[in-house]
Amino acid sequence: MNTAKQLHTFHIPVMGLAYTIDSPIRIGKFGISSVISIMDDDLIEKMNAFYSAKFEIPYHEITQKIHDYRALRITSYLNLVDKIVKEKFENFKVEIAESKTALENYIAILPNKSEIKKGLENLLENGFEFKENVKHYIENNLYPGDIDVNIMTKLDKDNFEKDEQLPIEFNDAHAALRGFANSNLESSVVLSAGMNPRLYSYFENFTTFFPDLNNHLKKKITLKVSDFRSAMIQGNFLAKKGLWVSEYRIESGLNCGGHAFATDGFLLGPILEEFKSKKNQLIQSAHELMTKALAQKEMHVPEKPLNLKITVQGGVGTSEEHEFLLDHYEVDSVGWGTPFLLVPEATSVDKATRELLIKAKEEDLYLSHISPLGIPFNTLRGTTNEQFKQKRIDESKAGSSCPKRFLALSKELDAKGICTSSKKYQDIKLAELEDQKDNLTTENFEKKKFSITEKACLCVGLANASYLENDIKIKGQSQGVIICPGPNMAYFDQEVSLSKMVQHIYGNANVLQNTNRPNMFVKELTMYVDYLKKEILDISNEITAAQIKKLNAFKSNLLDGISYYEELFSDVNYFEKSKATINYMLHFYKTEIIEIEIPVLELTS
């Protein structure tokens, strides 16, 4: 593991639009890296105003009347966050150099194996009174966490000025990328939700993503991926343009928060094993293509491959799981998302929603179809958004007013794009359904009606928590809050301080009162078995050969994954207390999967 420039062995991934919108301001001074979503420029502008006032920094409003306002808002906010984090970090260094208690508290949240932790402990034991030595050590060894940003590549809607379509660079994701590229940050853009060739090509417009004469990348590219093949394809695509992927962030297909991108039955353990064994292949392939492209562009060509990190996230919940991922798979960092929703010092969540999260049980956390993107979405029952949405449905006013239009991607009814959660879209679809009513059974009619009205306004729902927490006025139709924790939330049931949560990650405290929490790998397997059964159940009468082939491959991949785990858990020195339970569950699911019948094509005479 490369820990030379890494204080912590965990990071906080992006969560929703609002939940990590200001996390760097909250926790960056401790050396903890986190990720800001830069998709909602309206929320970003409001947070810019809020934090400018809080830290008494001059604020210049960027209205929608200003040319390229979306990118300008993002640049302005990221510069503000960068400034605040740097100032807070400088003050923090003074505090821990002057106060023994503050230094002891800081040491308590560093990883046990950290050389910096040992160095600070030595200073504490052998002469904290020599303030110059302490200051010197802090100055040379501490640094703030990275302020990374996230762009969901699918959110790249065309934009219009009146009826005239604007050039591609004014698409949502393109403008967000430009906003980051023009900012003062030296950090990573995390690209999630798959490949967007037009957006990837747009990176070439910014020299900040190319290595300088010292082989340094001012701004880096991180790809969130769910398997090795996808990493190889996307990494090489960018390398052919002279662009280097500095990190592959592997996320569980189902055992995660937010949108869930299920694999074809490939489980996290075997995926991580493939990355571990083929990391060099990933590096060499990209290096070869990148150097060729840079030479053609007559740009600086690094002789050796640049640094490459492999990180992982999705469902981790104990220090043993954390340590196992670092040790066995040799990953550089582990993402802890969902548990941090219960840490007010780290994330932006309103009080009512946090209370709902604390009370959530397994059955309250589910994979829904509320996302207008048409991708399964992890969510929580009982949110205020659910209540407002149902009230509108009951009053025959289904759908959202759609003020932000980030998900207005369907071209079915409007060339400019329309969101499937909007009232405009749902009114048309419900009227069409009403016309078909006589030809449908009551059950079928209700099912189709539910699939139309189920869609929720994520743009507003995923941003509202920050407004509520910070007392910022919410305009327009009441949408309430949508929150998107992973299934892991069921096992965390109390508000936790930042210090205690970090100590939990490193095995120096325990915040889990629920003793029935399954191992993260078993939990993911459970979800994939349920997913396969649902896929079979949802198949219409007109099944195709391609569907059958896919389902058989899915089943086969799950069984291969179980065989991998059986061998893995018999060899490793981890999970000794839970090994019997893990092996029992693996055997249980193996039997269940073998008994799952995949439909066959009926031959017609």
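Just to confirm my numbers, what's the Cα centroid distance between region 1-64 and region 586-602 in Å?
Computed from Cα coordinates, the inter-centre distance equals 46 Å.
Using the heavy atoms of the protein chains and a 1.4 angstrom probe, tell me the accessible area per residue for the chain in square angstrom.
Solvent-accessible surface per residue comes out at 46 Å².
Just the number, please: carbon plus sulfur as a percent of the accessible area of the chain, 1.4 Å probe, no ligands or DNA/RNA counted.
In the chain, the share of accessible area belonging to carbon and sulfur is 50 percent.
From largest accessible area down, sort Lys475, Lys83; use a 1.4 Å probe on the protein chains.
Listed by decreasing accessible area, they come as Lys475, Lys83.
Rounded, prolate or oblate: pick one for region 151-297, where a ≥ b ≥ c are the square roots of the eigenvalues of its C-alpha gyration tensor, a/c under 1.5 means rounded, and failing that, prolate if a/b is larger than b/c, else oblate.
Verdict is oblate for region 151-297.
Quick check: residue separation of Ser556 and Glu363 times 0.36 nm, minus the Cα distance between them. What number comes out in nm?
66.7 nm is the gain from fully extending Ser556 to Glu363.
Taking the alpha-carbon distance from Lys437 and a cut-off under 13 Å, which aspartates and glutamates remain once sequence neighbours fewer than 8 residues away in the same chain are dropped?
Answer for Lys437, where 13 Å is the Cα cut-off: Glu446, listed by chain and number.
How high is the FRET efficiency from Lys131 to Glu186, r the C-beta distance, R0 22 Å, rounded to 0.05?
In this case the efficiency is close to 0.15.
Quickly rank 235-246, 410-421, 207-218 as a protection proxy: mean count of other C-beta atoms within 10 Å, highest first.
The peptides rank, most packed first, as 235-246, 410-421, 207-218.
Any chance you could run the full-extension gain for Lys86 through Glu98? It's 0.36 nm times the residue separation minus the Cα-Cα distance, nm to one decimal.
So the extension gain works out to 2.5 nm.
7 Å from Cα along Cα→Cβ at both Ser201 and Thr591: what's the point-to-point distance in nm?
In this crude label model, Ser201 to Thr591 measures out at 5.5 nm.
Run the quick spin-label model on Lys533 and Lys304: label points 7 Å from Cα toward the beta carbon, then report their separation in nm to one decimal.
Computed distance between label sites Lys533 and Lys304 equals 5.2 nm.
Can you classify the chain as rounded, prolate or oblate using the Cα gyration tensor, where a ≥ b ≥ c are the square roots of its eigenvalues, rounded means a/c under 1.5, and otherwise it's prolate if a/b beats b/c and oblate if not?
rounded
Going through the cross-link list Lys220/Lys577; Lys218/Lys278; Lys240/Lys279; Lys389/Lys549; Lys220/Lys279, which pairs have a Cα-Cα distance over 30 Å in this structure?
Listed pairs above 30 Å: Lys220/Lys577; Lys389/Lys549.
Do any of Lys131/Lys309; Lys455/Lys533; Lys29/Lys54 go past 26 Å between their Cα atoms, and which?
Lys131/Lys309, as the Cα separations exceed 26 Å there.
Would you please give the FRET efficiency between Glu434 and Asn510, computed as 1/(1 + (r/R0)^6) with r the Cβ-Cβ distance and R0 = 41 Å, to the nearest 0.05?
Calculated value: 0.15.
Measuring from label point to label point, each 7 Å out along Cα→Cβ, what is the Thr581 to Lys391 span in nm?
4.1
Calculated FRET efficiency, Phe55 and Glu542, Cβ-Cβ r, R0 41 Å, to nearest 0.05?
0.10
Work out, step by step, the length gained on full extension between Glu412 and Asp163: first 0.36 nm times the residue separation, then minus their alpha carbon distance; give nm to one decimal.
Between Glu412 and Asp163, full extension yields an extra 87.9 nm.
Kindly identify region 177-248 as rounded, prolate or oblate by the Cα gyration tensor criterion: order the square roots of the eigenvalues as a ≥ b ≥ c, call it rounded if a/c is under 1.5, otherwise compare a/b with b/c, prolate if a/b is larger, else oblate.
Judged from the Cα gyration tensor, region 177-248 comes out prolate (a/c at least 1.5, a/b above b/c).
The values are calculated or read from the model by the stated rules, or taken from the named source; none is laboratory data. Source: prediction; values computed, not measured. All Cβ positions, glycine included, derive from the backbone under ideal geometry; neighbour counts span all protein chains shown. The protein model used for the area step is the full one, side chains on, heavy atoms only, and it has no ligands, DNA or RNA in it. Shrake-Rupley method; radii C 1.70, N 1.55, O 1.52, S 1.80 Å.
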